[in-house]
Amino acid sequence: MLDKLKKRRTQYALGKNLPIPEAQVDTLIREAIRLSPSSFNSQSSRAVILFGKESDKFWNITREALRAVVPAADFEGTSKKIDSFANGAGTVLFFEDQEPVKALQASFPLYAHNFPIWSEHSTGIAQLAVWTTLADADIGASLQHYHPLVDADVAKAWNIPASWKLTAQMPFGSNEAAFQEKTFIDDEVRFRTHS
């Protein structure tokens, strides 16, 4: 498993040449989310998997939402960044369904304040699972966060249930550039072991 985690890296140089068929990528994404743990087995994680023109549509929505808030002098750089995501073969939109979260809050009032936090844990785990699974299939990806700026337009474009809360976006595609060396902070700063 550690070897698979080592392969998971941020890739901004994405292309449309997937090493495996779209249907297989779709299956991998679904299985990674299905196997991801969640608090009380709530299975609250949801995903919309976009390929080709549907993925392009998401990044066009994002570009136009950003155009409304980014100063005109800075927009060219922002637009180029969006282009790098749109250059990929697809995008996973990650959501957390708030209905199971609220049901757990009602069923277990003692822990009610924790269930939204645990839901965020679930989506993070699902995102890592998908990212690692894609990396293991030699598919590049990165994790982006353009919500809540795009929420209303996304809900309208793909008929998203009102209870689904957008948590992240993951553009993916072929690796069109080598990864830079990853650096780590000193273990002494990060870890403590007691026995």
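The values are calculated or read from the model by the stated rules, or taken from the named source; none is laboratory data. A quick note: this is a predicted structure, and the numbers were derived from the prediction, not measured. Using ideal geometry, Cβ is built from the backbone for each residue, glycine included, and neighbour counts are taken over all protein chains shown. Quick note on the areas: whole protein, heavy atoms, side chains included, nothing else; ligands and nucleic acids left out. Shrake-Rupley method; radii C 1.70, N 1.55, O 1.52, S 1.80 Å.
Say whether the condition of being touching a Ser or Thr at 6+ places or on another chain (Cβ under 8 Å) and among the polar types (S, T, N, Q) is met by at least one residue in region 133-143. Yes, some residue in region 133-143 is touching a Ser or Thr at 6+ places or on another chain (Cβ under 8 Å) and among the polar types (S, T, N, Q).
Inspection of region 118-126 finds a residue satisfying the criterion of being within 14 Å of the chain's Cα centre (by Cα) and acidic (Asp, Glu).
What helices (runs of 4 or more DSSP H) completely inside region 1-111 contain at least 2 residues that are open to solvent by less than 40 Å² (accessible area, probe 1.4 Å), touching a helix residue (DSSP H, G or I) at 6+ places or on another chain (Cβ under 9 Å) and among the hydroxyl-bearing types (Ser, Thr, Tyr)? Show your work before the answer.
Values: elements: 2-7, 22-34, 52-67, 75-86, 98-107.
Per the criteria, 52-67, 75-86.
Go over the candidates Ala126, Ala177 one by one and state the one that is closer than 25 Å to Gln24 by Cβ and either touching a His at 6+ places or on another chain (Cβ under 8 Å) or surrounded by fewer than 16 Cβ atoms within 10 Å (Cβ to Cβ) (or both).
Working: Ala126 fails: either touching a His at 6+ places or on another chain (Cβ under 8 Å) or surrounded by fewer than 16 Cβ atoms within 10 Å (Cβ to Cβ) (or both).
Exactly one of Ala126, Ala177 is closer than 25 Å to Gln24 by Cβ and either touching a His at 6+ places or on another chain (Cβ under 8 Å) or surrounded by fewer than 16 Cβ atoms within 10 Å (Cβ to Cβ) (or both), namely Ala177.
Within region 109-116, not a single residue is within 17 Å of the chain's Cα centre (by Cα) and not aromatic (Phe, Trp, Tyr). Exactly one residue out of Ala32, Ala86, Ala23 is of a type in the set (A, V, I, L, M, F, W, C) and touching a strand residue (DSSP E or B) at 6+ places or on another chain (Cβ under 8 Å): that is Ala86.
Of all residues in region 138-154, those that are more than 11 Å from the chain's Cα centre (by Cα) and surrounded by 15 or more Cβ atoms within 10 Å (Cβ to Cβ) total 8.
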